[in-house]
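The block underneath contains the structure these notes are about, expressed in structure tokens.
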Amino acid sequence: MTTSKTKVWSAAVAVSLSYTGAAFADGHTADVYAPYAGTTLVVNFPAHPHYNAVLDVLPEFTEQTGIEVEVDQLQYLKMRERQTLELTKNEGDYDLISYVVFSKADYVFADQLENLAKYFMNPKLADPNYDAGALIDGYVDNIGIAGGEKGYLPGPTGSLFGIPFGSETSVLAYRKDIFEKHGIDVPQNYDQIGRAHV
């Protein structure tokens, strides 16, 4: 899906999240955001405390880039409904979305997400100090890579479609007395959880 909004997002946000200038050999910088000053980006995030951290840095982002950002935060299921609608339009309301892993393969298969490789390869956009190696491989594989094994896992044919923003963890709560009564061992992984029943 290539629209003028997508191009603005790609140039201004995708790779150079904290990049405000390209450094030259003589030490001066060029403001790569100058062409986008006064632009307003509309982004969609989950209504979740983890994403509230973005709200704290947006004023600094606007100060450094001249780009305003409007945030639409929605509950996860409503977010998926809204994204599904917006991504089917020729030009949707969102410039940037945060998707959950369960949506990744559907969005990529429908050609609704941009492959990020070309942005990282573009010296006008890519921050030379961006350290992709600092990202946790499992998080990148989980949320960002599609087109590999089974279509949604990493593999020889996989590509990068997203960058992890954060992570969550699952917590298992159970009644010890009921597990003991029925002779069920406490599950140590998801396969064991699937087999644990009375």
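The values are calculated or read from the model by the stated rules, or taken from the named source; none is laboratory data. Quantities reported herein were computed from a predicted structural model and do not represent experimental measurements. Note that we place each Cβ from the backbone using ideal geometry, even for glycine, and neighbour counts take in every protein chain shown.
Residues in the stretch 142-177 that are without any contact (Cβ under 8 Å) to a residue 12 or more places away in the chain and surrounded by 10 or more Cβ atoms within 10 Å (Cβ to Cβ) were compared, and the one that is nearest to Ile97 (Cα to Cα) is Gly148.
Results for (1) under 14 Å from the mean Cα position of the chain (by Cα); (2) at positive phi; (3) among the small types (Gly, Ala, Ser); (4) assigned to a helix (DSSP H, G or I), shown as yes or no for each residue.
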position: Val57; (1), (2), (3), (4): no, no, no, yes
position: Asp72; (1), (2), (3), (4): no, no, no, no
position: Lys78; (1), (2), (3), (4): no, no, no, yes
position: Glu91; (1), (2), (3), (4): no, no, no, no
position: Asp106; (1), (2), (3), (4): no, no, no, yes
position: Asp111; (1), (2), (3), (4): no, yes, no, no
position: Leu125; (1), (2), (3), (4): no, no, no, no
position: Val140; (1), (2), (3), (4): yes, no, no, yes
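Of all residues in the stretch 33-50, which are buried (at least 17 other Cβ atoms within 10 Å of the Cβ) and within 25 Å of Thr84 (Cα to Cα)? Thr39, Leu41, Val42, Val43, Asn44, Phe45, Pro46 - these are the residues of the stretch 33-50 that are buried (at least 17 other Cβ atoms within 10 Å of the Cβ) and within 25 Å of Thr84 (Cα to Cα). The set of residues in the stretch 90-121 that are farther than 24 Å from Gly148 by Cα and either surrounded by 13 or more Cβ atoms within 10 Å (Cβ to Cβ) or modelled with pLDDT of 90 or more (or both) comprises Gly92, Asp93, Tyr94, Asp95.
Residue check: Phe165 meets all listed conditions (1) in contact with a Ser or Thr (Cβ under 9 Å, 6 or more places away or on another chain); (2) over 20 Å from Asp72 (Cβ atoms) but one, namely (2).
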